[in-house]
Amino acid sequence: MLSSRNRKTISGRFIVKKEPKIKPTVARRVIRRFHFLIGKRQIICSRLGVVLVSSDEEANKGCIETWVRNSKLQEKYDRGMKTQSQQLEKHLLKLRDISNTGVLVELLGYLMNEIYTKGGLKNYQMASTVGQDRNRGGDSSKVLIPWLRELGLKSQRDHGCDRGNPRRALEIGSLSSKNAISTCGIFDPVVRIDLNSTGEGISKQDFMDRPLPKHESERFDLISCSLVLNFVPTPQLRGEMLKRFSHFLKRGTDQAFLFVVLPRPCIDNSRHMSDQWFSEMMESLNYKKLRRHVTHKIIYYLFAVATRLPPKHIGGKFKLKPVVKDAAGMNNFAILL
Ligand SMILES: C[S@@+](CC[C@H](N)C(=O)[O-])C[C@H]1O[C@@H](n2cnc3c(N)ncnc32)[C@H](O)[C@@H]1O
């Protein structure tokens, strides 16, 4: 397990530092390993016919454990949970060669043990917080805020907030209440949610289970979805998430925004995605692309709700997953509407 570095006061009491100290290289390794395990788990589950219906890790754990109990392969699963073998690690790297159900279940136990018992998920959460620590330049809302200012949004503090209609933001997958989105003054309140909330001021909630707003006052002027879609396990669920956003954005204004951030390979190195494909998909959901920024590793998009009407042309060609480009080494990241 990664540990936070604690210091003592003069009287010997421990001062527990809220921000864990993890070297960026270690944080990157932890994040890479977690994504690797989640990706392999997805492949194993679809081969075994285990349906993962949520991006909530607790729910996925429940689905897997129920399936294992009903499959009469509990013994294999338990053996995997207890195993520390190089052989299983090699199998994970060559999953395509493995068809034996027993071995797949053992592998499932092996990686579930690493995710849950050995702290994979917890470390991932901690490493992600460090990865987006603003001192390391990782808070993606630092890209967003200048865009919003260019579009004329001013701090509510400086320009007097319309008490009856405050500018509200929803940050999905929030890891810190100190991100620019929370401190810029443009939004108040900022509602912060995360599946596995670790920080103060962040509610533990699956966006997919968030009750739909009943009144306009419950809707938002901005939804921030930074590095979350790539975390959602299936192309269908990613599409569901995109479709759900429109229910939460304010209507009747051309100043309701959606900020989406993705790892660059999801767009640039996927067989089923491209910048054009993603932009057209968003257009079909009635979003207009306002800004785009690309760095070595990350793509940032700012969309505005394009019309006042609810989306009409959802789906169409975006119900399919065609190969829009292909080359060796590409990935299969996709979103299905
Ligand atoms: C890689 S972290 C990104 C964090 C941060 N937004 C950033 O840009 O660095 C992804 C986060 O999204 C959260 N997440 C994924 N699916 C979610 C959902 N359906 N509802 C709420 N949070 C979700 C995960 O729990 C995880 O903490």
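The values are calculated or read from the model by the stated rules, or taken from the named source; none is laboratory data. These numbers were taken from a predicted model, which means no experiment stands behind them. Backbone-built Cβ (ideal geometry, glycine too); neighbour counts: all protein chains shown.
Being of a type outside the set (Ser, Thr, Tyr) and more than 29 Å from Leu229 (Cα to Cα) holds for only one residue in Leu48, Leu73, and it is Leu73.
So in the stretch 208-232, with the set limited to residues that are farther than 23 Å from Lys297 by Cβ and part of a loop (DSSP other than H, G, I, E, B), which one is nearest to the ligand (Cβ to nearest atom)? Restricting to residues being farther than 23 Å from Lys297 by Cβ and part of a loop (DSSP other than H, G, I, E, B), the top hit is Arg210. Looking across the stretch 128-139, the residues that are touching a helix residue (DSSP H, G or I) at 6+ places or on another chain (Cβ under 9 Å) and either modelled with pLDDT of 75 or more or in a helix (DSSP H, G or I) (or both) come down to Ser128, Thr129, Val130, Gly131, Arg134, Arg136, Asp139. Phe257 meets all of the listed conditions (1) surrounded by fewer than 14 Cβ atoms within 10 Å (Cβ to Cβ); (2) under 24 Å from Leu153 (Cα atoms) but one, namely (1).
So, Arg238, is that one more than 9 Å from the ligand (Cβ to nearest atom), assigned to a helix (DSSP H, G or I) and without any contact (Cβ under 8 Å) to a residue 40 or more places away in the chain or not?
Numbers: more than 9 Å from the ligand (Cβ to nearest atom): yes; assigned to a helix (DSSP H, G or I): yes; without any contact (Cβ under 8 Å) to a residue 40 or more places away in the chain: no.
Against the criterion (more than 9 Å from the ligand (Cβ to nearest atom), assigned to a helix (DSSP H, G or I) and without any contact (Cβ under 8 Å) to a residue 40 or more places away in the chain), Arg238 does not qualify.
Within the stretch 56-115, the residues that satisfy the criterion of being farther than 21 Å from Val232 by Cα and outside any helix (DSSP H, G or I) are Lys72, Leu73, Thr83, Gln84, Ser85, Lys94, Ile98, Ser99, Asn100.
Scan the stretch 92-127 for residues that are of a type outside the set (A, V, I, L, M), at pLDDT below 90 and out of contact with any Ser or Thr (no Cβ under 9 Å at 6 or more places or on another chain) and the total you get is 12. Of Val191, Val261, all but one fail to be in a strand (DSSP E or B) and either more than 10 Å from the ligand (Cβ to nearest atom) or touching an Asp or Glu at 6+ places or on another chain (Cβ under 8 Å) (or both); the exception is Val191. Put simply, of Val305, Val324 the only residue that is more than 19 Å from the chain's Cα centre (by Cα) and not assigned by TED's automatic domain parsing to the domain that holds Ile193 is Val324. Thr253 meets all of the listed conditions (1) within 25 Å of Ser177 (Cα to Cα); (2) out of contact with any His (no Cβ under 9 Å at 6 or more places or on another chain); (3) part of a loop (DSSP other than H, G, I, E, B); (4) not acidic (Asp, Glu) but one, namely (1). Pairing residues of the stretch 242-266 that are of a type in the set (Lys, Arg) with residues that are in a strand (DSSP E or B), at Cβ distances under 9 Å and at least 6 apart in sequence or on separate chains, gives Lys250/Phe220; Lys250/Val305; Arg251/Val305; Arg264/Val294; Arg264/Ile298; Arg264/Ile299.
Going by what's in this entry, would Ser217 be described as under 27 Å from Glu57 (Cα atoms) and modelled with pLDDT under 95? It would help to see each step written out before you state the result.
Values: under 27 Å from Glu57 (Cα atoms): no; modelled with pLDDT under 95: yes.
So Ser217 fails the test.
A single member of Leu108, Leu73, Leu48, Leu88 is more than 29 Å from Arg210 (Cβ to Cβ), hydrophobic (A, V, I, L, M, F, W, C), away from the ligand (no atom under 16 Å from the Cβ) and touching a Lys or Arg at 6+ places or on another chain (Cβ under 8 Å), and it is Leu108. Looking only at residues of the stretch 1-50 that are within 22 Å of Gly199 (Cα to Cα) and among the polar types (S, T, N, Q), we find that the one that is modelled with the highest pLDDT is Asn6.
Gly329 passes every criterion in (1) closer than 16 Å to Phe245 by Cβ; (2) modelled with pLDDT under 90; (3) not assigned by TED's automatic domain parsing to the domain that holds Leu144 apart from (1).
For the structure I just gave you, tell me whether Glu240 is more than 18 Å from the chain's Cα centre (by Cα) and modelled with pLDDT of 90 or more.
Criteria not met by Glu240.
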